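Structure first, then comments.
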Amino acid sequence: MVIPAAGVGARMQRSQPKPFIQLAEKSILEHTLRQFLPLKKLQSIVVAASPAIINQAQDVLHQCLGSQFAWQCVEGGETRQQSINKALSHIKETDIVLVHDAVRPFIALDKIEACCNTAAEMGAAVVGFPAIDTIKKIDTDGMVVETPKRQKMWQIQTPQVFRTELLKKAYRQAESRGYQATDDASLVEWLGEPVKVVRGNRSNIKITYPQDLERARLLVENGILS
């Protein structure tokens, strides 16, 4: 399992990196980690963190995981893609690798399991849900070029799960050709490989902006996170 946690979190408008913001008396990173602990066959966890926070990330993993799982923190890169690529080099002897955002603490175990099972069968799977807003494709001048049918538009989340060698191949080729993408599945798609979407929950939010943190606190109050 790979968790990218190297971003500075400027959009949160806080000096404290997002994974270490407290939510219900635990850091967001710890909440996220704990969602995966009941997952059967989970072998190891690699967190990619920036040099400035790598010691803090190690403290969280030590407190949360202890010796229950093999784990390590590695130095991330300037981009999410670079961070995950570095983390993947530490993933050994496993058929399936799972990538999940450090600041998505509300993922449900049944969705994780469904995504893993689908990836084992299909090669690649991601969690997502149907878009509720109309999506517009625009040009560089902000003019509408196309309005795709909303019924075919899905918002993609994490976890994203892959056969390990498939994801490593995608990262190797992307690095050699200078190809950049916003998520792991896009790299696999770029290879021409199929990716299956597993329907997730809207509560699986990514805590990016201050208003996301307020929503997260409301979810906690409603018992979504223990």
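Structural remarks
- Over region 164-224, volume per residue of the alpha carbon convex hull, in Å³: 112
- Order by protection proxy (mean Cβ within 10 Å, highest first), peptides 208-219, 158-169: 158-169, 208-219
- 19 Å cut-off, amide nitrogen to a point 7 angstrom out along A120 Cα→Cβ, residues in region 28-45: 36-45
- Spin-label model distance (nm) - Q43 vs K137, 7 Å beyond Cα toward Cβ: 4.0
- Cut-off under 5 Å, modelled amide H: who pairs with V198 long-range: V126, V127, G128
- Residue-wise HN-Hα couplings along region 189-199, as the Karplus relation 6.51 cos²θ - 1.76 cosθ + 1.60 with θ = phi - 60° gives them from phi, are 4, 4, 6, x, 8, x, 10, 9, 9, 9, 5 Hz; Gly and Pro carry x.
- Projected-area average for the chain over all orientations - Cα convex hull basis, square nanometres: 13.2
- Working note: Karplus 6.51/-1.76/1.60 with θ = phi - 60° gives region 45-54 the couplings 10, 10, 9, 9, 10, 6, x, 5, 10, 5 Hz, where Gly and Pro are set to x.
- For E75 and E25, the FRET efficiency from 1/(1 + (r/R0)^6), where r spans their Cβ atoms and R0 equals 30 Å, is about 0.55.
- Under 5 Å between amide hydrogens, built in the peptide plane, is the criterion, and for V74 it picks out V47, A48, A49 among residues at least 5 positions away or on other chains.
- By average C-beta atoms within 10 angstrom, highest first, the peptides 144-156, 98-110, 122-134: 98-110, 122-134, 144-156
- Relative intensity, log₁₀ I(q)/I(0), of region 18-113 from a Debye sum that treats every alpha carbon as a point, q = 0.15, 0.24 Å⁻¹: -0.57, -1.56
- Extension gain, T164 back to A181 (0.36 nm per residue minus Cα-Cα distance, nm): 4.3 nm
- DSSP-defined antiparallel bridges as percent of all bridges, region 1-91, nearest 5: 15
- Pairwise centroid distance, computed over Cα atoms, of region 195-225 with region 78-157, Å: 15
- Summary value for the chain: 23 percent relative contact order, contacts being C-alpha pairs under 8 angstrom separated by 6+ residues.
- Gain on full extension, evaluated as 0.36 nm per residue between R217 and Q173 minus their Cα-Cα distance, stands at 11.8 nm.
- FRET efficiency, R150 to K206 (Cβ-Cβ, R0 30 Å, nearest 0.05): 0.90
- Region 116-131 - phi-based ³J(HN,Hα) in whole Hz, Karplus 6.51/-1.76/1.60, Gly and Pro as x: 5, 5, 5, 5, 4, 7, 9, x, 7, 8, 9, 8, x, 8, x, 5
- Positive-pole candidate from I156, L37, F129, dipole of the chain, charges at beta carbon: F129
Every number in this text was worked out from the coordinates using simple rules, so none of it is lab data. Owing to the predicted nature of the structure, the values given are computational and were not obtained by experimental measurement. Every residue, glycine as well, gets a Cβ built from its backbone with ideal geometry; the counts of neighbours run over all protein chains shown.
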